Amino acid sequence: ADSTLEHGIHSSFVHRRLRGQERREIQKEILSVLGLSHRPRPHLHEKPTSAPTFMMDLYNSVNVREEKNAEFSIFKQFLRDNEISVVGPQENHFLADADLVMSFVNLLENDTEVCHQCYSKELRFNLADIPVGEQLTAAELRIFKNQIPYNETYQISVYQVIEENTSKLLKLDTQIIYGSDIGWLTFDITSTSNAWVVNPQYSLGLQLMVETIDHRRIQPGFVGLVGRSGPQEKQPFIVAFFRSETNHLRSVR
Amino acid sequence: STSGKHWNLEKAKASKEQGELPIGNLTESFMSSSSTNAGRRFLKQACKKHELYVSFRDLGWQDWIIAPEGYAAYYCDGECAFPLNSYMNATNHAIVQTLVHFINPDTVPKPCCAPRELQGISVLYFDDGANVILKSYRNMVVASCGCH
């Protein structure tokens with residue numbers, strides 16, 4: 001008590017257990033403060049997966065800065081001025097302007113390890129459950145690449161599927177990689193994600209294609225891209241950054 | 001104004017001073033405290049920041065809230081009595097409000113002890129679809145209290 005009084009904080013609570021009804025009421029109130037209509041009940045993997053691990057890194061980066069900066073606006077400026085080591089400079093830039101960050105897990109994948117005739121990797125995400133009043137400012141697909149013994153140059157391209165069961169695709173982003181590269185590759189899919197948020201029915205997925213320098217198509221797994229059959233902590237996912245358009249208003253109860 | 005609303009405010013304050021628990025005490029099982037001196041809450045004290053910890057863990061939410069385990073929200077409580085200059089962070093209007101209260105104590109209440117500065121927190125949690133959400137919430141933590 002003395003130490004808290006020294007810091008100008010006074011403590012006057014008596015600790016006691018809440019009854020069931022009281023507890024439920026408090027839970028309801030705190031959920032309302034958090035802007036949630038109900039308590040989420042996620043079905044989780046036993047092992048840590050890639051998206052929560054990445055999001056935890058983001059959280060830690062934000063939290064360290066929040067503790068150092070009393071004012072929220074100062075914290076955001078600090079993020080702009082300083083690169084965070086855990087996440088890349090690009091995520092750092094997006095994070096500085098974001099009020100909400102969401103990760104989306106891959107729901108479907110036509111994996112080349114299963115389909116030996118397939119030269120593209122299909123991924124699908126559900127971006128329908130975005131909270132109301134959030135404006136998407138940036139989105140990136142993150143896919144892990146393992147090292148391979150062939151140190152050649154490859155081009156990876158990400159396409160948006162325009163029509164199902166046809167070859168109608170829209171190129172979104174490309175990257176040049178080397179066989180020796182290892183780590184997370186990021187592809188800008190902001191425009192497509194915005195379209196999916198507005199019209200979820202157009203969310204037909206993404207396709208990933210890999211070519212050699214002489215435009216020979218090869219299987220994505222061959223260059224070390226991790227798919228659905230890979231380890232949980234290296235699964236592909238989307239991370240999207242949002243800015244709140246309006247202040248959060250609690251509903252009247 | 002001399003509406004009955006002010007009477008209700010005074011009555012509510014009076015009943016609180018007579019021994020009703022502050023609203024925060026309803027929530028104490030998910031808060032931690034370093035003091036157990038129950039008698040203190042009946043003493044008239046200057047407007048101050050008080051300890052109040054919201055524990056997501058004690059609410060049984062550790063299955064969907066990844067971080068933090070909880071946060072120090074604090075709350076403001078205490079009396080805004082004359083002279084207000086001796087109390088922290090009184091607004092100019094609070095001083096005027098105090099004077100009007102002196103002139104008409106039965107109808108005009110004293111200034112209220114309330115947050116003057118608030119800070120945000122970030123919460124990391126799962127939604128129903130096992131997607132992960134990192135959200136910044138503004139105005140969640142009392143940085144300082146004052147008389148308004």
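Filtered by the rule that a residue be aromatic (Phe, Trp, Tyr) and at the interface with chain B (Cβ under 7 Å from one of its Cβ atoms), the range A:37-66 gives a lone residue, A:Tyr59. Residues in the range A:184-230 that are touching a residue at least 24 places away in the same chain (Cβ under 8 Å) and in a loop (DSSP other than H, G, I, E, B): A:Ile189, A:Ser203, A:Leu204, A:Gly205, A:Ile213, A:Gln219, A:Gly224, A:Val226, A:Gly227, A:Arg228, A:Ser229, A:Gly230. All of A:Ser244, A:Ser191, A:Ser203 fail the test of being more than 30 Å from A:Asn151 (Cα to Cα), buried (at least 19 other Cβ atoms within 10 Å of the Cβ) and among the hydroxyl-bearing types (Ser, Thr, Tyr), apart from A:Ser203. Summed over the range A:130-158, the residues that are in contact with a Phe, Trp or Tyr (Cβ under 7 Å, 6 or more places away or on another chain), of a type in the set (S, T, N, Q) and modelled with pLDDT of 85 or more give a count of 3. Within the range A:81-90, not a single residue is assigned to a helix (DSSP H, G or I), modelled with pLDDT under 80, more than 11 Å from chain B (Cβ to nearest Cβ) and more than 24 Å from the chain's Cα centre (by Cα).
Residue by residue, here is whether (1) closer than 30 Å to B:Phe126 by Cα; (2) surrounded by fewer than 21 Cβ atoms within 10 Å (Cβ to Cβ) holds:
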| residue | (1), (2) |
| --- | --- |
| A:Tyr119 | no, yes |
| A:Leu123 | yes, no |
| A:Asn126 | yes, yes |
| A:Val132 | yes, yes |
| A:Ala139 | yes, no |
| A:Lys145 | yes, no |
| A:Ile148 | no, yes |
| A:Val158 | yes, no |
| A:Val161 | yes, no |
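Restricting attention to the range A:124-144, the residues that are in a strand (DSSP E or B) and β-branched (Val, Ile, Thr) add up to 2. Screening A:Gly183, A:Gly224 for residues that are surrounded by fewer than 17 Cβ atoms within 10 Å (Cβ to Cβ) and not charged (D, E, K, R) leaves exactly one candidate, A:Gly183. So which residues in the range A:1-52 are of a type in the set (Ser, Thr, Tyr), modelled with pLDDT of 85 or more and buried (at least 16 other Cβ atoms within 10 Å of the Cβ)? If the condition is that a residue be of a type in the set (Ser, Thr, Tyr), modelled with pLDDT of 85 or more and buried (at least 16 other Cβ atoms within 10 Å of the Cβ), then A:Ser50 is the only one that fits.
If I filter the range A:91-114 down to residues being at pLDDT below 85 and under 24 Å from A:Val223 (Cα atoms), which single residue comes out as farthest from the other protein chains (Cβ to nearest Cβ)? Step by step, filter the range A:91-114, then rank; the result is A:Thr112.
At least 1 residues being facing chain A (nearest Cβ under 9 Å), over 27 Å from A:Thr53 (Cα atoms) and of a type outside the set (Phe, Trp, Tyr) is the threshold, and among the strands (runs of 3 or more DSSP E) wholly inside the range B:39-141 those reaching it are B:48-50, B:75-77, B:113-126.
The values are calculated or read from the model by the stated rules, or taken from the named source; none is laboratory data. Everything numeric here is computed off the predicted structure, so don't read it as measured data. As a convention, Cβ positions derive from the backbone with ideal geometry for all residues, glycine included, and neighbour counts pool all protein chains shown.
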